[in-house]
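The values are calculated or read from the model by the stated rules, or taken from the named source; none is laboratory data. What you see is a predicted model, and the numbers here were worked out from it, not measured in a lab. Note: ideal-geometry Cβ built from the backbone for every residue, glycine included; neighbour counts use all protein chains shown.
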Amino acid sequence: MPTPTSGTLSPALSFEAVWSPEFWDSGRMVVFSAVHELDKKTVKYRLHVEFLCCSSQVLTDMFKPINDADNFPGIEPESTEGTEDKPIEMPVSAEKWESFLSFIHYCGWHEFDPRNPENILNLLSIASLHEAPAALDYAIQQVLPLNLSPAELMHLAWFHHVRPQVQNWIPPAVRGLLAKSILEHTVQDEDAMGISYPIIAHYLGIYV
């Protein structure tokens, strides 16, 4: 009959005990705050540092100990910043922050609905800001199925043009924009497109 030590090294042997570089949770929690755009309320979030660092390079750098080899000026473990009395204020809305948190915490019991355009667009924005590659790749893949307007799609392609994956957004956006006259576009369309449509129009010899 198997025993708990079957197939393992003898417990009598002594080995050096070391911390796992990947699976050692410090148990450290940090508090963030963000403002809801709709009701203008400040919301606080208490989160595991390690979990955040696994998802974002920016957050990893933020929580690096200050005495690291490269002396990155991160937040010291003993700092009062990131506590309930002094939360770290996020430079994004609570809606965007919550979409990001919903995605990285999704484990079957925490819902992230990819059919909600706001969730995807919020995730795209915050994942780009915080250099969260897994979340960013997922959000980019989910943009085309949202069936956004050509103007909004072109705006997103322009804003995220450094990401090679967004090249797939440009053909449908251009086809949609050129399907109607420049005069038919609304002010909102023009704001969303920025300078991209005039460049396309000039290239094709379309003049008003």
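Data overview
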read-out: Residue count, the range 156-174 (criterion: in a loop (DSSP other than H, G, I, E, B) and either among the hydrophobic types (A, V, I, L, M, F, W, C) or farther than 21 Å from Pro117 by Cα (or both)); value: 1
read-out: Residue pairs meeting the criteria (Cβ under 9 Å; at least 6 apart or on separate chains; first assigned to a strand (DSSP E or B) and β-branched (Val, Ile, Thr), in the range 39-67; second surrounded by fewer than 16 Cβ atoms within 10 Å (Cβ to Cβ) and modelled with pLDDT of 90 or more); value: Thr42/His36; Thr42/Glu89; Val43/His36
read-out: Positions within the range 125-135 being farther than 15 Å from Leu101 by Cβ and surrounded by 22 or more Cβ atoms within 10 Å (Cβ to Cβ), in sequence order; value: none
read-out: Odd one out for Trp158 among (1) closer than 29 Å to Ala34 by Cα; (2) touching a Leu at 6+ places or on another chain (Cβ under 9 Å); (3) in contact (Cβ under 8 Å) with a residue 24 or more places away in the chain; value: (2)
read-out: Of the criteria (1) at pLDDT below 85; (2) not in a helix (DSSP H, G or I), which one Leu177 fails; value: (2)
